[in-house]
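S.K.: Right, I'll just put the structure down here and ask away after.
The values are calculated or read from the model by the stated rules, or taken from the named source; none is laboratory data. For clarity, every value in this text was computed on a predicted model and none was experimentally measured. Cβ: placed from backbone, ideal geometry, glycine included. Neighbour counts: every protein chain shown. Each accessible area value is taken on the protein alone, full model and side chains, heavy atoms only, with ligands, DNA and RNA left out. Shrake-Rupley method; radii C 1.70, N 1.55, O 1.52, S 1.80 Å.
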Amino acid sequence: MSGNTNSEQGHVVKTLRPYHVWALGVGIVLVGEYMGWNFTVAKGGVLGSLFALLVAGTMFVMVSLCASELGSSTKLAGGPYDWARLFVGPGAAALVGLAVYMEFIALEAADAIVVASIAQAVFPDLQTFPVTLLIIAFLTFMNYRGVVAALNLNFALTFTALIAIIAFFFANITGFAGTWHPEYLISGAMPNGFIGIFAALQFGPWFYLGIEGAAMCAEECKHPTRAVPLGQQAGMITLLLGSGMTLYVCSGMIPAAELGSSVYPLFEAATATGSKFLIAALGIGTLFTCLASANGTVCDASRSWFALSRDKFLTNWFADVHPRYSTPYRAVIFTMPIAIAFAFSGFLDQVITFSIISGLICYVMIPFSLIRFRKLFPEHTQKVRPFVGPLQPIIAYFTIFLAIVIMSTLNWGYSYNLVFGLLFYVIAYFYFSWRYKSIEITHDWGEDLGWPEPIHRR
């Protein structure tokens, strides 16, 4: 397919393999092991953090299974947006598309804030906001030039950051990393009682937030029916192991009161060891994982914006594909001013909270889309459903329940954020529903997928 044809038809090239899917999913999320997760300790202590890790991990395993089945079946760039469009309805689809966009843009801003904070810690004369601008601009340019180059960069950065966590963990359990303090676990077990343990759930998703983004590159995969499930599940296993190692190491190296307020907890834990090698490794790991996460979020957010534009919920101007680089370049460029607006606040926990609220809306709609998908197409044909997740739709219903429970815990400390976030998405839903009446969707499920008619139309 020529570059001009891509531009005219709004299609992207199919070049990605399973390790790209793994790199996109883990690259976006691994930053959650380097920063942000420790706010669970501030709320519920070490026990609260462990509880949040396990509950959120359970939810994200199930989200990952739902996303794998939907992504490998539809093979479309919009991810949760396209799944809701095909199986739920246009208003819900546009709402999910916006939620995905805001989730990843806020995550990009949080990553940039942390990188700028590290840069200032190393070079005290630097100011954080100009560094933040530079990082966002560089990663926007990388995604403008092409998804393969951007995700190859993600693979290298993510792999390096993951190796740093593994090295730190084994150095710790072998005694090379200095003294691990079990008394920190006891003194900081549950400083706010049982309510604190439950409240810690509000930041639990940060361990894994964004893993569903691995399925959003399905339209650009060479063999999406294999690449999406394999890359997605491998990514989820990686994150579960990484989060367990991170919590173990950090909770025994830093007192809970300090751990709960740290901007970069793994780096501070490495600093506590006094080992120059570990300090350098975790400093580089923190930097690399923030860059990889921000890089992946630009990729996914732009694809969601591209899908909304292609269906005319937004101006069609954003739906153009670059004639040379075959990227949705206008949608990529538009991520930059929104990320800068989030980063301008400088409040890491506030930015993270909005990203979590947006993500939880997606984690309600993704399993609901799967429930609708299975009702419309109950036959387990290879053409319609090349990957079949286990125990469905029970898993999908339980995922919705957990997402609503976790969202409710934001009432402790972030009630205004929760009210504002929900109000924002309610207004967006009514706006998109109104706009849908005056537009014509450019493609339906039959044109996209070549499937038989769904069961209710036969």
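S.K.: Name the residue, out of ILE163, ILE136, that is out of contact with any Lys or Arg (no Cβ under 9 Å at 6 or more places or on another chain) and open to solvent by 40 Å² or more (accessible area, probe 1.4 Å).
M.R.: Residue meeting the stated conditions: ILE163.
S.K.: Would you please name the residue that is farthest from the chain's Cα centre (by Cα), looking only at residues in the range 45-82 that are buried (at least 24 other Cβ atoms within 10 Å of the Cβ) and of a type in the set (Val, Ile, Thr)?
M.R.: For the range 45-82, the residue satisfying everything is VAL46.
S.K.: Sticking with this one: Of these, ALA301, ALA343, ALA294, ALA270, which one is more than 19 Å from TRP206 (Cα to Cα) and in a helix (DSSP H, G or I)?
M.R.: Result of the check over ALA301, ALA343, ALA294, ALA270: ALA270.
S.K.: Based on this model, can you work out whether LEU107 counts as open to solvent by less than 10 Å² (accessible area, probe 1.4 Å) and modelled with pLDDT of 85 or more?
M.R.: Against the criterion (open to solvent by less than 10 Å² (accessible area, probe 1.4 Å) and modelled with pLDDT of 85 or more), LEU107 qualifies.
S.K.: Can you tell me which residues in the range 371-396 are in a helix (DSSP H, G or I) and out of contact with any Pro (no Cβ under 7 Å at 6 or more places or on another chain)?
M.R.: ARG372, PHE373, LYS375, ILE394, ILE395
S.K.: Working only within the range 335-394, note down all residues that are within 11 Å of CYS66 (Cα to Cα), in contact with a Gly (Cβ under 9 Å, 6 or more places away or on another chain) and surrounded by fewer than 24 Cβ atoms within 10 Å (Cβ to Cβ).
M.R.: Across the range 335-394, the qualifying residue is only PHE387.
S.K.: Which one of these does ALA319 not meet: (1) of a type outside the set (S, T, N, Q); (2) modelled with pLDDT under 90; (3) within 27 Å of VAL114 (Cβ to Cβ)?
M.R.: For ALA319, the failing item is (3).
S.K.: On to the next question. Being within 18 Å of ALA92 (Cα to Cα) and surrounded by 18 or more Cβ atoms within 10 Å (Cβ to Cβ), is that true of even one residue in the range 406-414?
M.R.: No; the residues of the range 406-414 include none that is within 18 Å of ALA92 (Cα to Cα) and surrounded by 18 or more Cβ atoms within 10 Å (Cβ to Cβ).
S.K.: Now a separate question. Report, by residue number, each residue of the range 273-286 that is open to solvent by less than 60 Å² (accessible area, probe 1.4 Å) and either in a helix (DSSP H, G or I) or in contact with a helix residue (DSSP H, G or I) (Cβ under 8 Å, 6 or more places away or on another chain) (or both).
M.R.: Of everything in the range 273-286, those that are open to solvent by less than 60 Å² (accessible area, probe 1.4 Å) and either in a helix (DSSP H, G or I) or in contact with a helix residue (DSSP H, G or I) (Cβ under 8 Å, 6 or more places away or on another chain) (or both) turn out to be THR273, SER275, LEU278, ILE279, ALA280, ALA281, LEU282, GLY283, GLY285, THR286.
S.K.: How many residues are part of a helix (DSSP H, G or I) and open to solvent by less than 20 Å² (accessible area, probe 1.4 Å) if we restrict to the range 230-255?
M.R.: Number satisfying all stated conditions: 14.
S.K.: If you don't mind, another one. Which pairs turn up if I take residues in the range 289-303 that are open to solvent by 10 Å² or more (accessible area, probe 1.4 Å) and look for partners that are part of a helix (DSSP H, G or I) with beta carbon separation below 8 Å, at least 6 apart in sequence or on another chain?
M.R.: Going by the 8 Å Cβ cut-off, the qualifying pairs are LEU291/ASP111; LEU291/VAL115; LEU291/ILE135; LEU291/LEU139; LEU291/LEU157.
S.K.: Would you check if there is a residue in the range 79-102 being in contact (Cβ under 8 Å) with a residue 12 or more places away in the chain and at positive phi?
M.R.: Yes: the range 79-102 contains one or more residues that are in contact (Cβ under 8 Å) with a residue 12 or more places away in the chain and at positive phi.
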